[in-house]
Amino acid sequence: MLKEGLRTMVFPEGSVTFNLKLNGRRRYSHTLYLLDGGSAMIESPRGSSLEQLRKVANRWRESINRHAREAAEAAKAAGHAPGPEASDVPARLRILGELIPLKTGVAGASFRTAALKDGAVVTSAEAPDEIKAALKTYYRARLEEEVVKRLAHFRPLVWRPWTAISYGSAKHCWGRCNARGHIRFSLTLLMLRPKEIDYIVAHELAHLRHLNHEPVFWAEVGRLMPDWFEQKTSIERTKLGAPWFMS
């Protein structure tokens, strides 16, 4: 029986290291998450065999190792030489589909949040917990800016108005809409490309009319955003994990 945790598997073509997480949901497939800092996680159905895990790990081996190499190169270029306490602080953050350098302990920068300056996200925070708090505040503010722009675009098209918009830290759900018309977006949304965010917003707005995923719902998504399927496919192919500050 497979157990969760850090694993290294060796193949004729090379080795790969990743964290394994087991999921108990039925009909769940193996999923790869490339995480901030260069690490990776494979989420597998509970009950999967070692042979099945080895097959998907080998399939994703090059992607996982390339992700780790790029993170290490970015850390070296940024001059990071973290000690044990800060070893998990990533050198780059994924924001709007791009990898942006993260600079911490910057004199004159904000301690309670972060800001985009000269192509990097900067904060004066230094301890990992303080950096996480600053990034969470920054992500929320940035995401709200992005969502507000899209709500203004879709407002004339929606079937009925939403009652509230809020933001949370869900790791496995981009957004959620309830029967009262309250839509809640996850901060993970800021990692996506702009067009992919368009799709997630359109998806949740379509739930104002249909609280299901039946054909009539997808027709409503298509009415709001004709190229929705292309963006949905792009999101599913990328398989992003949660931002580092949510770990």
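The values are calculated or read from the model by the stated rules, or taken from the named source; none is laboratory data. Given the structure is predicted, the values throughout are model-derived calculations rather than measurements. Here the Cβ positions follow ideal geometry from the backbone for every residue, glycine too, while neighbour counts run over all protein chains shown.
Would you confirm, using the coordinates I've provided, whether ALA152 is modelled with pLDDT of 85 or more, loosely packed, with under 14 Cβ neighbours inside 10 Å and not basic (Lys, Arg)?
In short, yes.
Show me the strands (runs of 3 or more DSSP E) found entirely inside the stretch 1-60 where at least 1 residues are more than 23 Å from the chain's Cα centre (by Cα) and touching a residue at least 12 places away in the same chain (Cβ under 8 Å).
Values: elements: 5-11, 14-23, 31-34, 40-45.
Fully inside the stretch 1-60 and qualifying: 5-11, 14-23.
Could you list all residues from the stretch 36-55 that are hydrophobic (A, V, I, L, M, F, W, C) and in contact with a strand residue (DSSP E or B) (Cβ under 9 Å, 6 or more places away or on another chain)?
ALA40, MET41, ILE42, LEU53
Quickly run through the stretch 198-243 and pick out the residues that are more than 19 Å from VAL158 (Cβ to Cβ) and among the aliphatic types (A, V, I, L, M).
ILE235, LEU240, ALA242
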